[in-house]
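Take a look at the structure below.
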Amino acid sequence: MTIRVAMWSGPRNISTAMMRSFGSRADTVVADEPLYAHYLAETGLDHPGREEILAAQPTRWQDVARWLTGPLPGEPAVFYQKHMTHHLLPGIGRDWLAGLRHAFLIREPERVVASYAKVRGTPTLEDLGYPQQREIFRAFGGPVVDAADVLRDPEGTLRNLCTGLGFAFDPAMLTWAPGPRPTDGAWAPHWYASVHASTGFTPYDPAPADVPPHLHPLVDAARPYYEELAAARSH
């Protein structure tokens, strides 16, 4: 019976490196942001590679949900789904989520905001996905991992995560071959250069985040959401 893992992360996190980590397991298949095309179709946002994304994925969330919960070729042991929390729009039904095992990848708000501001200007709280992440966590629960913990101690943090999800850690999760993957989303040419060059998790950088002053209130607004999940994180 395939274990279907929905990993919920906000933007500007290590979510693609985590997908690489799980994709390195011989018993696992991965899905890269399967709700992205629906998100773009519904919001009308003009993201890099928009037309390619809309052509590459279903734009109806019902079709995505059917795929994520339906039969898989070869019945892999684990189906790892990399989800962006802000892609879970209010109009998407939630019942199908009960068929998944949920996990949560969090990151300190000041680091998320500082990183996001460099590439997309002034985000909102919903753009960062903190409210949506808390909604899913409260509804379904599941293990929580902090990006900082993963980078400080990849093996220990991933061992705890796998235990929380109900399967064994695999040392193959710690390294991977560089380059693109067929499972990478259509947006990979725009965003995945550093991941394509990587062969494992990068060391944690303790340098303080440089948040523009006008975004300090956004960091403060996001902090309660982050802290609620951080209190439940796997150690």
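The values are calculated or read from the model by the stated rules, or taken from the named source; none is laboratory data. Values in this document were obtained by computation on a predicted structure and should not be read as measured data. Methodologically, a virtual Cβ is constructed for each residue, glycine included, from the backbone with ideal geometry; neighbour enumeration extends over all protein chains shown. Quick note on the areas: whole protein, heavy atoms, side chains included, nothing else; ligands and nucleic acids left out. Shrake-Rupley method; radii C 1.70, N 1.55, O 1.52, S 1.80 Å.
This table checks each residue for (1) in contact with a helix residue (DSSP H, G or I) (Cβ under 7 Å, 6 or more places away or on another chain); (2) farther than 25 Å from Ala139 by Cα.
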| site | (1), (2) |
| --- | --- |
| Glu33 | yes, no |
| Ala37 | yes, no |
| Leu45 | no, yes |
| Pro58 | yes, yes |
| His87 | yes, no |
| Asp95 | no, no |
| His102 | yes, no |
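Of the residues that make up the range 146-160, is at least one open to solvent by 20 Å² or more (accessible area, probe 1.4 Å) and under 16 Å from the mean Cα position of the chain (by Cα)?
Checked the range 146-160: at least one residue is open to solvent by 20 Å² or more (accessible area, probe 1.4 Å) and under 16 Å from the mean Cα position of the chain (by Cα).
Give the range 60-100 a look and list any residue that's open to solvent by 30 Å² or more (accessible area, probe 1.4 Å), part of a helix (DSSP H, G or I) and not aromatic (Phe, Trp, Tyr), or say none.
Gln62, Asp63, Arg66, Thr69, Asp95, Ala98, Gly99
Name the single residue, out of those in the range 101-132 being touching a Ser or Thr at 6+ places or on another chain (Cβ under 7 Å) and either assigned to a strand (DSSP E or B) or open to solvent by 10 Å² or more (accessible area, probe 1.4 Å) (or both), that is farthest from Met1 (Cα to Cα).
Of the residues in the range 101-132, the ones touching a Ser or Thr at 6+ places or on another chain (Cβ under 7 Å) are 105, 129, 132.
Narrowing the set further to residues that are either assigned to a strand (DSSP E or B) or open to solvent by 10 Å² or more (accessible area, probe 1.4 Å) (or both) leaves 105, 132.
Values: Leu105: 25, Gln132: 28 Å.
Among those that are touching a Ser or Thr at 6+ places or on another chain (Cβ under 7 Å) and either assigned to a strand (DSSP E or B) or open to solvent by 10 Å² or more (accessible area, probe 1.4 Å) (or both), it is Gln132.
Of all the residues that make up the range 5-32, how many are open to solvent by less than 20 Å² (accessible area, probe 1.4 Å), outside any helix (DSSP H, G or I) and under 29 Å from Thr122 (Cα atoms)?
Count: 8.
Starting from residues that are touching a strand residue (DSSP E or B) at 6+ places or on another chain (Cβ under 7 Å) and in a helix (DSSP H, G or I), keep the ones in the range 165-185 and report whichever is nearest to Pro34 (Cα to Cα).
Leu165
Is it the case that some residue within the range 71-87 is touching a strand residue (DSSP E or B) at 6+ places or on another chain (Cβ under 7 Å), free of Cβ contacts under 8 Å to residues at least 60 places away in the same chain and of a type in the set (Ser, Thr, Tyr)?
Start the filter on the range 71-87 by keeping residues that are touching a strand residue (DSSP E or B) at 6+ places or on another chain (Cβ under 7 Å), which leaves 72, 76-85.
Subsequent filtering for residues that are free of Cβ contacts under 8 Å to residues at least 60 places away in the same chain retains none.
No, the range 71-87 has no match at all.
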